[in-house]
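Engineer: Please find one structure pasted underneath; my questions will follow.
Rule-based calculations on the coordinates, nothing more; no lab input. Keep in mind that what you see is a predicted model, and the values were worked out from it rather than measured. Quick reminder, even Gly has a Cβ in these numbers, built from the backbone with ideal geometry, and neighbours come from all protein chains shown.
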Amino acid sequence: MEDVLGKPKKSVIDDAMAIQKAVSLVKLGARLQVLQSELPGLSRDRLLSVYKEIRGSSPPKGQLPFSTDWFLNWAPNTHSSLFMGIMNQLSERNPGMEAVDLLVAGYTLYLQTVKAIDNPAILSMTRAWRLYRFCAAGVLTTHQCESCKAKFIVDPYDLNTGYQCVFCDMDTRVGPKVDFEKKMYQELDWAEDQAA
Ligand SMILES: [Zn+2]
């Protein structure tokens, strides 16, 4: 649709729906960069207003963590693989679904799943988005373990024949010590998000 000057006319309903998506993302813990990337139709100022209204404070400043390594460590890898498994199933069943809707639905299902198995949500919304984008760009991918046949997040450059996942090959990428009782990863992730 175009107005008299030939400029594309912005639909009020589309605008309201985009705001609603921003609200959902912020409630799930998304940083401002995630909103800017997934909702390019909304200005930074409007996204900032949504963020402040829901969180009651300004978003933390600075860059997000860029490393792919975090997703390959033991406990983060199990959660990352679970999340991308959910995302891949969702997008297969809903081929027309927009990325932002997939993220909201996928991350909500991830939170419900880890809650059901009494695990802390060690994958933050912002990290989940990062992971989704890394997989879309082919920087990370999912690959089937030769032993247990489940699919896990891997660096495609690390792949060799006879790939074994973090459960089947305990010597690979042990990473930081895991203490689920103290919900250490959640705190680490939060601290890193704050410091970034
Ligand atoms: Zn395995």
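Engineer: Would you mind stating whether W74 is among the hydrophobic types (A, V, I, L, M, F, W, C) and crowded, with 20+ Cβ neighbours inside 10 Å?
Structural biologist: In short, no.
Engineer: Same structure again: Tell me yes or no: at least one residue of region 53-62 is within 26 Å of I153 (Cβ to Cβ) and within 14 Å of the chain's Cα centre (by Cα).
Structural biologist: no
Engineer: Of everything in region 42-67, what is of a type in the set (S, T, N, Q) and either surrounded by 14 or more Cβ atoms within 10 Å (Cβ to Cβ) or outside any loop (DSSP other than H, G, I, E, B) (or both)? Give them in sequence order.
Structural biologist: S49
Engineer: I'm checking my understanding of the structure. Among residues of region 21-41 that are part of a helix (DSSP H, G or I) and among the small types (G, A, S), which one is surrounded by the fewest Cβ atoms within 10 Å (Cβ to Cβ)?
Structural biologist: Across region 21-41, the extreme among qualifying residues is S37.
Engineer: Against the condition free of Cβ contacts under 8 Å to residues at least 60 places away in the same chain and either under 16 Å from V26 (Cβ atoms) or not small (G, A, S) (or both), how does N94 come out, does it pass?
Structural biologist: So N94 fits the description; yes.
Engineer: May I pose another question? Considering each residue of region 67-90, count those that are in contact (Cβ under 8 Å) with a residue 24 or more places away in the chain and either more than 15 Å from F152 (Cβ to Cβ) or among the polar types (S, T, N, Q) (or both), and give that number.
Structural biologist: The number of residues fulfilling the criteria is 7.
Engineer: Taking region 126-153, which residues are within 9 Å of the ligand (Cβ to nearest atom) and closer than 18 Å to Y110 by Cα?
Structural biologist: Across region 126-153, the qualifying residues are A150, F152.
Engineer: Looking at region 44-51, can you tell me whether even one residue there is in contact (Cβ under 8 Å) with a residue 12 or more places away in the chain and under 18 Å from the mean Cα position of the chain (by Cα)?
Structural biologist: Scanning region 44-51, I find at least one residue that is in contact (Cβ under 8 Å) with a residue 12 or more places away in the chain and under 18 Å from the mean Cα position of the chain (by Cα), so the answer is yes.
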